1. Can you give the accessible area of MET480, probe radius 1.4 Å, in Å² rounded to 10?
2. Which cross-chain or sequence-distant (5 or more) residues have an amide H under 5 Å from the amide H of ILE232, H modelled 1.01 Å from N in plane?
3. So if we plug the beta-carbon distance of HIS325 and CYS211 into 1/(1 + (r/R0)^6) with R0 = 25 Å, what FRET efficiency do we get, rounded to 0.05?
4. Determine how large the accessible area of CYS211 is when every protein chain is in place; take a 1.4 Å probe and give Å² rounded to the nearest 10.
5. Any idea what the relative contact order of the chain is, in percent, if you count C-alpha pairs under 8 Å spaced at least 6 apart?
6. Which shape class applies to region 363-507: rounded if a/c is under 1.5, otherwise prolate when a/b exceeds b/c and oblate if not, where a ≥ b ≥ c are the square roots of the Cα gyration tensor eigenvalues?
7. Could you sort TRP267, TRP138, TRP67 by accessible area so the largest value comes first, with the probe set to 1.4 Å?
8. I'd like the Karplus ³J(HN,Hα) series for region 265-279: coefficients 6.51, -1.76, 1.60, θ = phi - 60°, whole numbers in Hz, and an x wherever there's a Gly or Pro.
Amino acid sequence: MSSREPPAPFSTARKSLKKIHDSVEASIDPIGMTAPIVHAQLAWMAHPQELADALAKVSTSLWALQWHSMRRVFGLPSEDPEKPHGDDTRFADPVWGESPTWDLIKEWYLVFTHHMQDMLYDTPGLSQKERRRAAFWWRKWLNAMAPTNFLMTNPVALRLAMETRGESLVKGFQNFLADMEAGNVRMTDPNDFQVGVNLATTPGKVVFRNCLLEVIHYTPSQPKIHARPVVIVTPWINKFYILDLTSRKSMIRYLLDQGLDVFITSWKNPGEDMRDVRFDDYLTEGVHMLVETARAMSGADKVHAVGYCIGGTVLTTYMAWANRHFKAEDVPVAHFTLFTTLVDFHKPGDIEVFVDEGSIRYLTQTMAQKGYLDGAEMASAFRLLRSNSLIWHYVVHGWLYGEKPAPFDVLYWNMDSTRMPYAMHAWYLRELYLHNRLIEKDALTVAGEPIDLGAIAQPVYAVAAEDDHIAPWQQTFRTMNYVAGPKRYVLSSSGHILGIVNPPVNPPKRRYHVGPARRSDAADGWLAKAAEHPGSWWTDWMAWLKPQCGDLVDARPVADEAHPALADAPGTYVLEP
(Lines give C-alpha, C1' and ligand atoms only; values in the text may rest on other atoms or scores of the structure.)
Protein backbone atom coordinates (compact mmCIF):
# COMPACT_ATOMS: atom_id res chain seq x y z
CA MET A 1 0.00 0.00 0.00
CA SER A 2 1.33 3.47 -0.94
CA SER A 3 2.29 5.76 1.94
CA ARG A 4 -0.10 8.35 0.51
CA GLU A 5 -3.13 6.08 0.60
CA PRO A 6 -5.24 6.15 3.78
CA PRO A 7 -5.51 2.93 5.78
CA ALA A 8 -8.23 0.57 4.62
CA PRO A 9 -10.63 1.33 7.53
CA PHE A 10 -10.41 5.09 6.82
CA SER A 11 -10.94 4.55 3.11
CA THR A 12 -13.98 2.39 3.81
CA ALA A 13 -15.38 4.96 6.21
CA ARG A 14 -14.87 7.76 3.68
CA LYS A 15 -16.70 5.79 0.99
CA SER A 16 -19.52 5.06 3.40
CA LEU A 17 -19.84 8.72 4.35
CA LYS A 18 -19.90 9.69 0.68
CA LYS A 19 -22.74 7.22 0.05
CA ILE A 20 -24.65 8.67 2.99
CA HIS A 21 -24.03 12.21 1.70
CA ASP A 22 -25.19 11.28 -1.83
CA SER A 23 -28.29 9.56 -0.47
CA VAL A 24 -29.26 12.51 1.74
CA GLU A 25 -28.57 14.99 -1.06
CA ALA A 26 -30.72 13.00 -3.49
CA SER A 27 -33.58 12.93 -0.98
CA ILE A 28 -33.47 16.54 0.23
CA ASP A 29 -32.05 18.63 -2.63
CA PRO A 30 -31.71 16.37 -5.69
CA ILE A 31 -31.30 19.09 -8.33
CA GLY A 32 -29.33 21.57 -6.24
CA MET A 33 -32.10 24.10 -5.69
CA THR A 34 -31.58 24.92 -2.02
CA ALA A 35 -27.81 24.63 -1.55
CA PRO A 36 -26.78 27.61 -3.77
CA ILE A 37 -29.23 29.93 -1.99
CA VAL A 38 -27.99 28.81 1.45
CA HIS A 39 -24.38 29.25 0.29
CA ALA A 40 -25.21 32.79 -0.88
CA GLN A 41 -26.77 33.67 2.48
CA LEU A 42 -23.76 32.32 4.38
CA ALA A 43 -21.39 34.18 2.04
CA TRP A 44 -23.09 37.53 2.72
CA MET A 45 -23.01 36.85 6.48
CA ALA A 46 -19.28 36.19 6.20
CA HIS A 47 -18.70 39.53 4.41
CA PRO A 48 -20.30 42.21 6.66
CA GLN A 49 -18.63 45.14 4.87
CA GLU A 50 -19.98 44.12 1.47
CA LEU A 51 -23.38 43.40 3.04
CA ALA A 52 -23.48 46.89 4.54
CA ASP A 53 -22.67 48.44 1.15
CA ALA A 54 -25.42 46.40 -0.53
CA LEU A 55 -27.98 47.33 2.13
CA ALA A 56 -27.04 50.99 1.70
CA LYS A 57 -28.00 50.72 -1.98
CA VAL A 58 -31.28 49.08 -1.03
CA SER A 59 -31.92 51.85 1.51
CA THR A 60 -31.34 54.52 -1.14
CA SER A 61 -33.83 52.84 -3.47
CA LEU A 62 -36.37 52.53 -0.66
CA TRP A 63 -36.09 56.25 0.13
CA ALA A 64 -36.72 57.03 -3.54
CA LEU A 65 -39.65 54.63 -3.53
CA GLN A 66 -41.10 56.22 -0.38
CA TRP A 67 -40.93 59.65 -2.01
CA HIS A 68 -42.54 58.27 -5.18
CA SER A 69 -45.27 56.60 -3.12
CA MET A 70 -46.08 59.81 -1.28
CA ARG A 71 -46.35 61.84 -4.48
CA ARG A 72 -48.61 59.25 -6.11
CA VAL A 73 -50.87 59.08 -3.03
CA PHE A 74 -51.38 62.87 -3.23
CA GLY A 75 -52.04 62.70 -6.97
CA LEU A 76 -48.78 64.36 -7.98
CA PRO A 77 -46.82 63.26 -11.07
CA SER A 78 -43.76 61.11 -10.37
CA GLU A 79 -41.53 59.06 -12.59
CA ASP A 80 -41.23 55.39 -11.61
CA PRO A 81 -37.95 54.87 -9.71
CA GLU A 82 -37.76 51.23 -10.87
CA LYS A 83 -38.70 50.16 -14.38
CA PRO A 84 -39.28 46.63 -15.67
CA HIS A 85 -36.51 45.11 -17.78
CA GLY A 86 -36.95 45.47 -21.53
CA ASP A 87 -38.14 41.88 -21.99
CA ASP A 88 -40.54 41.98 -19.01
CA THR A 89 -44.08 42.43 -20.41
CA ARG A 90 -46.00 41.56 -17.24
CA PHE A 91 -46.76 45.20 -16.45
CA ALA A 92 -47.38 46.41 -20.00
CA ASP A 93 -51.04 47.34 -19.45
CA PRO A 94 -51.41 51.11 -18.86
CA VAL A 95 -53.30 50.54 -15.59
CA TRP A 96 -50.01 49.60 -13.89
CA GLY A 97 -48.84 53.20 -14.40
CA GLU A 98 -52.07 55.18 -14.43
CA SER A 99 -53.47 53.93 -11.13
CA PRO A 100 -51.46 54.99 -8.05
CA THR A 101 -52.51 51.82 -6.18
CA TRP A 102 -51.39 49.40 -8.87
CA ASP A 103 -48.30 51.45 -9.66
CA LEU A 104 -47.13 51.20 -6.05
CA ILE A 105 -47.73 47.43 -5.94
CA LYS A 106 -45.68 47.09 -9.13
CA GLU A 107 -42.88 49.38 -7.89
CA TRP A 108 -42.44 47.71 -4.51
CA TYR A 109 -42.29 44.31 -6.22
CA LEU A 110 -39.71 45.48 -8.78
CA VAL A 111 -37.49 47.21 -6.23
CA PHE A 112 -37.22 44.14 -4.04
CA THR A 113 -36.85 41.64 -6.88
CA HIS A 114 -34.22 43.67 -8.77
CA HIS A 115 -32.14 44.29 -5.66
CA MET A 116 -32.41 40.66 -4.59
CA GLN A 117 -31.20 39.51 -8.00
CA ASP A 118 -28.36 42.04 -8.06
CA MET A 119 -27.18 40.94 -4.62
CA LEU A 120 -27.17 37.28 -5.62
CA TYR A 121 -25.17 38.01 -8.76
CA ASP A 122 -22.71 40.07 -6.67
CA THR A 123 -22.39 37.58 -3.79
CA PRO A 124 -18.81 37.77 -2.45
CA GLY A 125 -16.79 34.62 -2.01
CA LEU A 126 -18.86 32.46 -4.42
CA SER A 127 -17.88 31.20 -7.85
CA GLN A 128 -19.65 32.72 -10.83
CA LYS A 129 -21.44 29.44 -11.50
CA GLU A 130 -22.70 29.24 -7.91
CA ARG A 131 -23.94 32.83 -8.10
CA ARG A 132 -25.85 32.11 -11.29
CA ARG A 133 -27.43 29.02 -9.74
CA ALA A 134 -28.53 30.92 -6.63
CA ALA A 135 -29.93 33.78 -8.72
CA PHE A 136 -31.70 31.36 -11.04
CA TRP A 137 -33.59 29.47 -8.33
CA TRP A 138 -34.45 32.60 -6.34
CA ARG A 139 -35.68 34.25 -9.55
CA LYS A 140 -38.04 31.31 -10.16
CA TRP A 141 -39.63 31.96 -6.75
CA LEU A 142 -39.80 35.73 -7.35
CA ASN A 143 -41.42 35.14 -10.73
CA ALA A 144 -43.99 32.85 -9.14
CA MET A 145 -44.83 35.48 -6.51
CA ALA A 146 -45.40 38.31 -9.02
CA PRO A 147 -48.63 40.25 -8.38
CA THR A 148 -49.70 39.56 -11.97
CA ASN A 149 -50.07 35.85 -11.14
CA PHE A 150 -52.89 36.30 -8.60
CA LEU A 151 -56.46 37.39 -9.22
CA MET A 152 -56.72 39.92 -6.40
CA THR A 153 -53.46 41.67 -7.34
CA ASN A 154 -53.95 41.67 -11.11
CA PRO A 155 -56.02 44.68 -12.19
CA VAL A 156 -56.38 43.41 -15.74
CA ALA A 157 -57.95 40.14 -14.54
CA LEU A 158 -60.28 42.05 -12.17
CA ARG A 159 -61.32 44.40 -14.97
CA LEU A 160 -62.06 41.50 -17.32
CA ALA A 161 -64.11 39.78 -14.62
CA MET A 162 -66.20 42.93 -14.20
CA GLU A 163 -66.59 43.54 -17.93
CA THR A 164 -67.62 39.94 -18.69
CA ARG A 165 -69.77 39.61 -15.52
CA GLY A 166 -67.62 36.74 -14.31
CA GLU A 167 -67.49 34.83 -17.61
CA SER A 168 -63.69 35.24 -17.83
CA LEU A 169 -63.38 33.58 -14.41
CA VAL A 170 -65.63 30.69 -15.45
CA LYS A 171 -63.61 30.13 -18.62
CA GLY A 172 -60.40 30.48 -16.63
CA PHE A 173 -61.53 27.78 -14.21
CA GLN A 174 -62.38 25.53 -17.16
CA ASN A 175 -58.89 26.13 -18.55
CA PHE A 176 -57.44 25.34 -15.14
CA LEU A 177 -59.31 22.02 -14.99
CA ALA A 178 -58.23 21.16 -18.55
CA ASP A 179 -54.59 21.87 -17.65
CA MET A 180 -54.86 19.74 -14.53
CA GLU A 181 -56.28 16.90 -16.60
CA ALA A 182 -53.47 17.28 -19.13
CA GLY A 183 -50.91 17.40 -16.30
CA ASN A 184 -49.38 20.50 -17.85
CA VAL A 185 -49.97 24.21 -18.36
CA ARG A 186 -50.90 24.05 -22.03
CA MET A 187 -49.32 26.59 -24.37
CA THR A 188 -51.64 25.70 -27.23
CA ASP A 189 -54.66 23.46 -27.70
CA PRO A 190 -53.46 20.00 -28.83
CA ASN A 191 -56.76 19.50 -30.67
CA ASP A 192 -55.83 22.23 -33.16
CA PHE A 193 -53.12 20.15 -34.82
CA GLN A 194 -52.55 16.63 -36.08
CA VAL A 195 -49.27 15.35 -37.46
CA GLY A 196 -49.71 14.21 -41.03
CA VAL A 197 -52.93 16.22 -41.45
CA ASN A 198 -52.02 19.90 -40.94
CA LEU A 199 -48.41 19.42 -39.81
CA ALA A 200 -45.63 17.42 -41.51
CA THR A 201 -47.54 17.09 -44.78
CA THR A 202 -44.68 17.22 -47.28
CA PRO A 203 -45.01 14.12 -49.54
CA GLY A 204 -42.45 11.38 -49.14
CA LYS A 205 -41.86 7.76 -48.15
CA VAL A 206 -40.19 5.88 -45.34
CA VAL A 207 -37.45 3.98 -47.19
CA PHE A 208 -35.53 2.53 -44.25
CA ARG A 209 -36.46 1.47 -40.75
CA ASN A 210 -34.60 -0.13 -37.87
CA CYS A 211 -35.17 -0.21 -34.12
CA LEU A 212 -33.80 3.32 -33.73
CA LEU A 213 -35.07 5.41 -36.63
CA GLU A 214 -37.04 5.73 -39.83
CA VAL A 215 -35.41 7.38 -42.83
CA ILE A 216 -37.83 9.51 -44.84
CA HIS A 217 -37.06 10.32 -48.47
CA TYR A 218 -39.11 13.24 -49.76
CA THR A 219 -40.70 13.35 -53.18
CA PRO A 220 -38.78 15.82 -55.39
CA SER A 221 -40.80 18.90 -56.31
CA GLN A 222 -38.61 19.77 -59.31
CA PRO A 223 -37.99 17.77 -62.51
CA LYS A 224 -34.23 18.31 -62.12
CA ILE A 225 -32.36 17.94 -58.82
CA HIS A 226 -28.78 18.33 -57.68
CA ALA A 227 -26.91 15.05 -57.83
CA ARG A 228 -25.61 15.08 -54.25
CA PRO A 229 -28.38 14.40 -51.69
CA VAL A 230 -28.94 16.31 -48.45
CA VAL A 231 -29.40 14.26 -45.27
CA ILE A 232 -30.76 15.89 -42.11
CA VAL A 233 -30.00 14.59 -38.60
CA THR A 234 -32.76 15.93 -36.38
CA PRO A 235 -32.57 16.11 -32.57
CA TRP A 236 -34.13 13.17 -30.75
CA ILE A 237 -35.02 15.43 -27.83
CA ASN A 238 -38.06 16.43 -29.91
CA LYS A 239 -39.70 15.11 -33.06
CA PHE A 240 -38.38 15.81 -36.53
CA TYR A 241 -41.27 17.83 -37.94
CA ILE A 242 -40.02 21.13 -36.54
CA LEU A 243 -38.44 21.36 -40.00
CA ASP A 244 -41.73 20.47 -41.70
CA LEU A 245 -44.47 22.40 -39.90
CA THR A 246 -46.94 24.13 -42.19
CA SER A 247 -46.07 24.44 -45.88
CA ARG A 248 -45.27 28.14 -45.40
CA LYS A 249 -42.68 27.41 -42.68
CA SER A 250 -41.33 24.08 -43.92
CA MET A 251 -37.57 23.99 -44.48
CA ILE A 252 -38.07 20.61 -46.16
CA ARG A 253 -40.39 22.08 -48.82
CA TYR A 254 -37.98 24.98 -49.33
CA LEU A 255 -35.05 22.63 -49.96
CA LEU A 256 -37.11 20.55 -52.39
CA ASP A 257 -38.15 23.67 -54.28
CA GLN A 258 -34.47 24.58 -54.54
CA GLY A 259 -33.88 21.33 -56.43
CA LEU A 260 -32.29 19.37 -53.59
CA ASP A 261 -32.83 15.68 -52.82
CA VAL A 262 -33.75 15.43 -49.11
CA PHE A 263 -33.58 12.58 -46.58
CA ILE A 264 -34.35 13.02 -42.86
CA THR A 265 -34.27 11.07 -39.60
CA SER A 266 -37.43 10.29 -37.64
CA TRP A 267 -36.26 8.79 -34.34
CA LYS A 268 -38.18 6.18 -32.40
CA ASN A 269 -39.55 7.39 -29.07
CA PRO A 270 -37.77 5.04 -26.66
CA GLY A 271 -39.37 3.06 -23.88
CA GLU A 272 -37.94 0.84 -21.15
CA ASP A 273 -36.93 -1.73 -23.77
CA MET A 274 -34.38 0.74 -25.21
CA ARG A 275 -32.67 1.48 -21.89
CA ASP A 276 -29.30 0.13 -23.13
CA VAL A 277 -29.20 2.10 -26.40
CA ARG A 278 -25.96 4.09 -26.39
CA PHE A 279 -24.70 7.25 -28.05
CA ASP A 280 -22.60 4.95 -30.23
CA ASP A 281 -25.82 3.39 -31.55
CA TYR A 282 -27.23 6.77 -32.52
CA LEU A 283 -24.06 7.31 -34.54
CA THR A 284 -23.74 3.91 -36.23
CA GLU A 285 -27.36 2.75 -36.46
CA GLY A 286 -28.73 6.27 -36.87
CA VAL A 287 -26.51 8.79 -38.63
CA HIS A 288 -24.46 6.27 -40.60
CA MET A 289 -27.52 4.35 -41.79
CA LEU A 290 -29.10 7.64 -42.92
CA VAL A 291 -25.97 8.50 -44.90
CA GLU A 292 -25.67 5.04 -46.43
CA THR A 293 -29.36 4.94 -47.39
CA ALA A 294 -29.06 8.26 -49.22
CA ARG A 295 -25.85 7.18 -50.97
CA ALA A 296 -27.36 3.88 -52.07
CA MET A 297 -30.56 5.44 -53.43
CA SER A 298 -28.88 8.36 -55.16
CA GLY A 299 -25.76 6.63 -56.45
CA ALA A 300 -23.72 9.56 -55.10
CA ASP A 301 -20.39 8.81 -53.49
CA LYS A 302 -20.88 11.48 -50.83
CA VAL A 303 -23.72 13.46 -49.25
CA HIS A 304 -24.22 16.83 -47.64
CA ALA A 305 -25.22 16.35 -43.98
CA VAL A 306 -27.18 18.73 -41.75
CA GLY A 307 -27.44 18.47 -37.95
CA TYR A 308 -29.74 20.40 -35.61
CA CYS A 309 -29.06 20.85 -31.87
CA ILE A 310 -28.08 17.45 -30.40
CA GLY A 311 -28.40 16.14 -33.96
CA GLY A 312 -25.58 18.53 -34.81
CA THR A 313 -23.53 17.28 -31.87
CA VAL A 314 -23.83 13.66 -33.00
CA LEU A 315 -23.18 14.70 -36.62
CA THR A 316 -19.97 16.49 -35.60
CA THR A 317 -18.96 13.40 -33.64
CA TYR A 318 -19.77 11.31 -36.72
CA MET A 319 -17.57 13.54 -38.87
CA ALA A 320 -14.65 13.01 -36.50
CA TRP A 321 -15.43 9.27 -36.39
CA ALA A 322 -15.64 9.02 -40.19
CA ASN A 323 -12.35 10.83 -40.68
CA ARG A 324 -10.72 8.16 -38.51
CA HIS A 325 -12.77 5.20 -39.77
CA PHE A 326 -12.35 5.81 -43.52
CA LYS A 327 -9.56 6.91 -45.79
CA ALA A 328 -9.72 10.63 -46.51
CA GLU A 329 -11.14 10.11 -50.00
CA ASP A 330 -13.75 7.64 -48.72
CA VAL A 331 -15.40 9.78 -46.03
CA PRO A 332 -19.07 9.59 -47.07
CA VAL A 333 -19.90 13.22 -46.20
CA ALA A 334 -18.50 15.91 -48.49
CA HIS A 335 -19.48 18.90 -46.34
CA PHE A 336 -21.92 19.60 -43.52
CA THR A 337 -24.17 22.18 -41.90
CA LEU A 338 -24.79 22.72 -38.17
CA PHE A 339 -27.81 24.43 -36.64
CA THR A 340 -27.49 25.77 -33.05
CA THR A 341 -24.98 23.06 -32.15
CA LEU A 342 -22.75 22.75 -29.09
CA VAL A 343 -19.54 20.74 -29.08
CA ASP A 344 -17.87 22.76 -26.30
CA PHE A 345 -20.09 22.54 -23.21
CA HIS A 346 -18.02 24.77 -20.93
CA LYS A 347 -20.75 27.46 -20.85
CA PRO A 348 -23.90 25.72 -22.12
CA GLY A 349 -26.29 28.56 -21.27
CA ASP A 350 -29.09 28.60 -18.73
CA ILE A 351 -29.21 24.79 -18.68
CA GLU A 352 -25.97 25.03 -16.68
CA VAL A 353 -28.04 25.36 -13.50
CA PHE A 354 -28.93 21.66 -13.86
CA VAL A 355 -25.35 20.56 -14.59
CA ASP A 356 -23.41 19.46 -11.54
CA GLU A 357 -22.39 16.15 -10.04
CA GLY A 358 -25.38 15.91 -7.70
CA SER A 359 -28.03 16.79 -10.29
CA ILE A 360 -26.64 14.43 -12.90
CA ARG A 361 -26.31 11.64 -10.32
CA TYR A 362 -29.97 12.15 -9.38
CA LEU A 363 -31.11 12.15 -13.04
CA THR A 364 -29.02 9.07 -13.76
CA GLN A 365 -30.52 7.19 -10.81
CA THR A 366 -34.03 8.23 -11.91
CA MET A 367 -33.39 7.06 -15.46
CA ALA A 368 -31.88 3.78 -14.25
CA GLN A 369 -35.14 2.96 -12.46
CA LYS A 370 -37.37 3.58 -15.50
CA GLY A 371 -34.94 2.95 -18.35
CA TYR A 372 -35.44 6.44 -19.80
CA LEU A 373 -35.83 10.12 -19.00
CA ASP A 374 -39.44 11.10 -19.45
CA GLY A 375 -40.03 13.75 -22.09
CA ALA A 376 -42.34 15.72 -19.81
CA GLU A 377 -39.50 16.14 -17.29
CA MET A 378 -37.18 17.39 -20.02
CA ALA A 379 -39.82 19.79 -21.35
CA SER A 380 -40.53 21.13 -17.84
CA ALA A 381 -36.84 21.85 -17.29
CA PHE A 382 -36.60 23.83 -20.53
CA ARG A 383 -39.80 25.77 -19.74
CA LEU A 384 -38.42 26.59 -16.29
CA LEU A 385 -35.48 28.33 -17.95
CA ARG A 386 -37.94 30.95 -19.23
CA SER A 387 -40.66 30.64 -16.62
CA ASN A 388 -42.26 34.06 -17.16
CA SER A 389 -42.83 33.60 -20.88
CA LEU A 390 -43.31 29.81 -20.98
CA ILE A 391 -45.22 29.14 -17.74
CA TRP A 392 -46.68 32.19 -15.97
CA HIS A 393 -47.78 33.92 -19.18
CA TYR A 394 -50.06 30.96 -19.91
CA VAL A 395 -51.24 30.73 -16.30
CA VAL A 396 -52.28 34.39 -16.33
CA HIS A 397 -53.88 34.42 -19.77
CA GLY A 398 -55.53 31.01 -19.38
CA TRP A 399 -56.57 30.88 -15.73
CA LEU A 400 -57.06 34.57 -14.85
CA TYR A 401 -58.14 36.04 -18.20
CA GLY A 402 -60.05 32.98 -19.42
CA GLU A 403 -58.39 32.99 -22.84
CA LYS A 404 -58.29 29.83 -24.92
CA PRO A 405 -54.72 28.91 -25.93
CA ALA A 406 -54.09 30.26 -29.42
CA PRO A 407 -53.20 27.79 -32.21
CA PHE A 408 -49.41 27.84 -32.62
CA ASP A 409 -47.65 25.06 -34.50
CA VAL A 410 -44.23 25.61 -32.89
CA LEU A 411 -45.71 25.38 -29.38
CA TYR A 412 -47.65 22.23 -30.33
CA TRP A 413 -44.39 20.66 -31.51
CA ASN A 414 -42.71 21.79 -28.30
CA MET A 415 -45.39 19.99 -26.26
CA ASP A 416 -45.00 16.81 -28.36
CA SER A 417 -42.08 15.63 -26.22
CA THR A 418 -39.97 12.48 -26.46
CA ARG A 419 -38.05 10.28 -24.02
CA MET A 420 -34.29 9.75 -23.70
CA PRO A 421 -32.81 6.23 -23.35
CA TYR A 422 -30.99 5.72 -20.06
CA ALA A 423 -27.56 4.61 -21.33
CA MET A 424 -27.32 7.26 -24.05
CA HIS A 425 -28.50 10.18 -21.96
CA ALA A 426 -26.49 9.29 -18.87
CA TRP A 427 -23.34 9.16 -21.02
CA TYR A 428 -24.27 12.38 -22.83
CA LEU A 429 -24.85 14.34 -19.62
CA ARG A 430 -21.73 13.08 -17.87
CA GLU A 431 -19.17 12.99 -20.68
CA LEU A 432 -20.26 16.09 -22.60
CA TYR A 433 -22.09 18.45 -20.24
CA LEU A 434 -20.28 17.63 -17.00
CA HIS A 435 -16.77 16.73 -18.18
CA ASN A 436 -16.76 18.46 -21.61
CA ARG A 437 -14.66 15.72 -23.17
CA LEU A 438 -15.78 16.07 -26.79
CA ILE A 439 -13.32 18.92 -27.35
CA GLU A 440 -10.39 16.96 -25.88
CA LYS A 441 -8.41 15.10 -28.51
CA ASP A 442 -8.95 11.32 -28.24
CA ALA A 443 -10.57 11.67 -24.79
CA LEU A 444 -13.67 9.85 -26.01
CA THR A 445 -13.91 6.61 -27.94
CA VAL A 446 -17.17 6.29 -29.88
CA ALA A 447 -18.05 3.24 -31.97
CA GLY A 448 -14.48 2.00 -31.76
CA GLU A 449 -12.76 5.21 -32.86
CA PRO A 450 -11.05 7.91 -30.75
CA ILE A 451 -12.71 11.26 -31.43
CA ASP A 452 -10.63 14.24 -32.56
CA LEU A 453 -12.58 17.24 -33.85
CA GLY A 454 -9.37 18.58 -35.35
CA ALA A 455 -9.44 15.69 -37.83
CA ILE A 456 -12.57 17.11 -39.51
CA ALA A 457 -11.32 18.55 -42.79
CA GLN A 458 -14.66 18.96 -44.61
CA PRO A 459 -16.21 22.43 -45.14
CA VAL A 460 -18.84 23.46 -42.61
CA TYR A 461 -21.67 26.01 -42.63
CA ALA A 462 -22.78 26.77 -39.06
CA VAL A 463 -25.83 28.72 -37.93
CA ALA A 464 -26.54 30.12 -34.46
CA ALA A 465 -29.25 32.38 -33.02
CA GLU A 466 -28.45 35.48 -30.99
CA ASP A 467 -31.27 34.99 -28.45
CA ASP A 468 -30.71 31.25 -28.03
CA HIS A 469 -30.73 30.32 -24.32
CA ILE A 470 -30.28 26.58 -25.00
CA ALA A 471 -27.18 26.82 -27.21
CA PRO A 472 -25.70 30.33 -26.70
CA TRP A 473 -24.23 31.58 -29.94
CA GLN A 474 -20.85 32.51 -28.42
CA GLN A 475 -20.51 28.89 -27.30
CA THR A 476 -21.65 27.40 -30.62
CA PHE A 477 -19.00 29.57 -32.29
CA ARG A 478 -16.38 27.57 -30.39
CA THR A 479 -16.96 24.78 -32.90
CA MET A 480 -15.09 26.97 -35.41
CA ASN A 481 -12.03 26.79 -33.14
CA TYR A 482 -11.85 22.99 -33.30
CA VAL A 483 -12.74 21.78 -36.81
CA ALA A 484 -10.03 22.15 -39.43
CA GLY A 485 -11.95 22.58 -42.70
CA PRO A 486 -13.18 25.79 -44.35
CA LYS A 487 -15.85 27.48 -42.23
CA ARG A 488 -18.73 29.89 -42.84
CA TYR A 489 -20.65 31.11 -39.81
CA VAL A 490 -24.08 32.72 -39.55
CA LEU A 491 -25.68 34.51 -36.61
CA SER A 492 -29.43 34.86 -37.05
CA SER A 493 -31.74 37.05 -35.02
CA SER A 494 -34.33 35.36 -32.77
CA GLY A 495 -33.94 32.16 -30.71
CA HIS A 496 -33.26 28.42 -30.81
CA ILE A 497 -36.30 27.59 -32.96
CA LEU A 498 -37.37 30.72 -34.83
CA GLY A 499 -33.78 31.58 -35.67
CA ILE A 500 -33.66 28.34 -37.68
CA VAL A 501 -37.28 28.01 -38.85
CA ASN A 502 -36.82 31.28 -40.65
CA PRO A 503 -38.20 31.21 -44.23
CA PRO A 504 -37.67 34.18 -46.56
CA VAL A 505 -40.58 36.64 -46.40
CA ASN A 506 -41.23 40.06 -47.86
CA PRO A 507 -40.85 42.43 -46.12
CA PRO A 508 -38.08 40.78 -44.10
CA LYS A 509 -38.93 39.93 -40.47
CA ARG A 510 -35.42 39.10 -39.27
CA ARG A 511 -31.75 39.71 -40.03
CA TYR A 512 -28.46 37.85 -39.88
CA HIS A 513 -24.70 38.32 -39.77
CA VAL A 514 -22.51 36.11 -41.95
CA GLY A 515 -18.88 35.67 -42.82
CA PRO A 516 -15.98 33.22 -43.00
CA ALA A 517 -14.51 32.01 -39.72
CA ARG A 518 -11.01 30.93 -38.78
CA ARG A 519 -9.85 28.62 -36.03
CA SER A 520 -8.16 31.56 -34.29
CA ASP A 521 -11.27 33.77 -34.26
CA ALA A 522 -13.14 34.73 -31.11
CA ALA A 523 -16.90 35.12 -31.30
CA ASP A 524 -17.00 38.88 -30.69
CA GLY A 525 -14.09 39.47 -33.08
CA TRP A 526 -15.88 37.53 -35.82
CA LEU A 527 -19.10 39.49 -35.23
CA ALA A 528 -17.27 42.82 -35.58
CA LYS A 529 -16.14 41.81 -39.08
CA ALA A 530 -19.24 39.91 -40.24
CA ALA A 531 -21.60 41.47 -42.78
CA GLU A 532 -25.19 42.17 -41.66
CA HIS A 533 -28.09 41.44 -44.00
CA PRO A 534 -31.86 41.84 -43.67
CA GLY A 535 -34.05 38.78 -44.11
CA SER A 536 -33.46 35.04 -43.86
CA TRP A 537 -30.10 33.30 -43.93
CA TRP A 538 -31.70 30.49 -45.98
CA THR A 539 -30.84 32.34 -49.20
CA ASP A 540 -27.17 32.64 -48.21
CA TRP A 541 -27.13 28.95 -47.30
CA MET A 542 -28.46 27.99 -50.73
CA ALA A 543 -25.83 30.17 -52.46
CA TRP A 544 -23.16 28.26 -50.50
CA LEU A 545 -24.71 24.79 -50.71
CA LYS A 546 -26.15 24.30 -54.19
CA PRO A 547 -22.88 24.73 -56.12
CA GLN A 548 -21.34 22.04 -53.90
CA CYS A 549 -24.19 19.57 -54.48
CA GLY A 550 -23.28 18.81 -58.08
CA ASP A 551 -24.90 19.17 -61.46
CA LEU A 552 -28.61 18.90 -62.09
CA VAL A 553 -29.88 15.44 -62.97
CA ASP A 554 -33.29 13.94 -63.55
CA ALA A 555 -35.30 13.62 -60.35
CA ARG A 556 -34.99 10.17 -58.82
CA PRO A 557 -37.87 7.95 -57.65
CA VAL A 558 -38.87 8.48 -54.03
CA ALA A 559 -38.53 4.70 -53.48
CA ASP A 560 -36.91 1.88 -55.44
CA GLU A 561 -36.73 -1.90 -55.50
CA ALA A 562 -33.89 -2.04 -52.97
CA HIS A 563 -35.57 0.57 -50.76
CA PRO A 564 -39.33 0.06 -51.08
CA ALA A 565 -41.82 2.41 -49.49
CA LEU A 566 -42.50 1.17 -45.95
CA ALA A 567 -44.98 3.97 -45.15
CA ASP A 568 -46.01 7.39 -46.33
CA ALA A 569 -44.37 10.41 -44.77
CA PRO A 570 -44.34 11.42 -41.95
CA GLY A 571 -43.95 7.71 -41.09
CA THR A 572 -45.02 5.70 -38.07
CA TYR A 573 -42.40 6.47 -35.41
CA VAL A 574 -43.41 10.15 -35.20
CA LEU A 575 -47.00 9.13 -34.36
CA GLU A 576 -46.01 6.92 -31.43
CA PRO A 577 -46.74 8.46 -28.01
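1. Roughly 0 Å² of MET480 is accessible to a 1.4 Å probe.
2. Residues meeting the criterion, in which the H sits 1.01 Å from N, are PHE263, ILE264, THR265, VAL306.
3. Working: r = 22 Å, r/R0 = 0.89.
Result of the calculation: an efficiency of 0.65.
4. 100
5. Numbers: 1001 pairs, mean separation 102.8, N = 577.
Value for the chain: 18 percent.
6. Details: a/c = 2.76, a/b = 1.34, b/c = 2.07.
Because a/c hits 1.5 or more and a/b fails to exceed b/c, region 363-507 counts as oblate.
7. Numbers: TRP267 25, TRP138 70, TRP67 145 Å².
Final ranking, largest accessible area leading: TRP67, TRP138, TRP267.
8. Taking θ as phi minus 60°, the curve returns 8, 10, 7, 6, 7, x, x, 4, 5, 9, 4, 9, 5, 9, 4 Hz for region 265-279.
The values are calculated or read from the model by the stated rules, or taken from the named source; none is laboratory data. Every value quoted in this text rests on a predicted model; they were computed, and no experiment measured them. Reconstructed Cβ throughout: ideal geometry from the backbone, glycine too, with neighbour counts over all protein chains shown. For accessibility, only protein heavy atoms count, side chains too; no ligands or nucleic acids. Shrake-Rupley method; radii C 1.70, N 1.55, O 1.52, S 1.80 Å.
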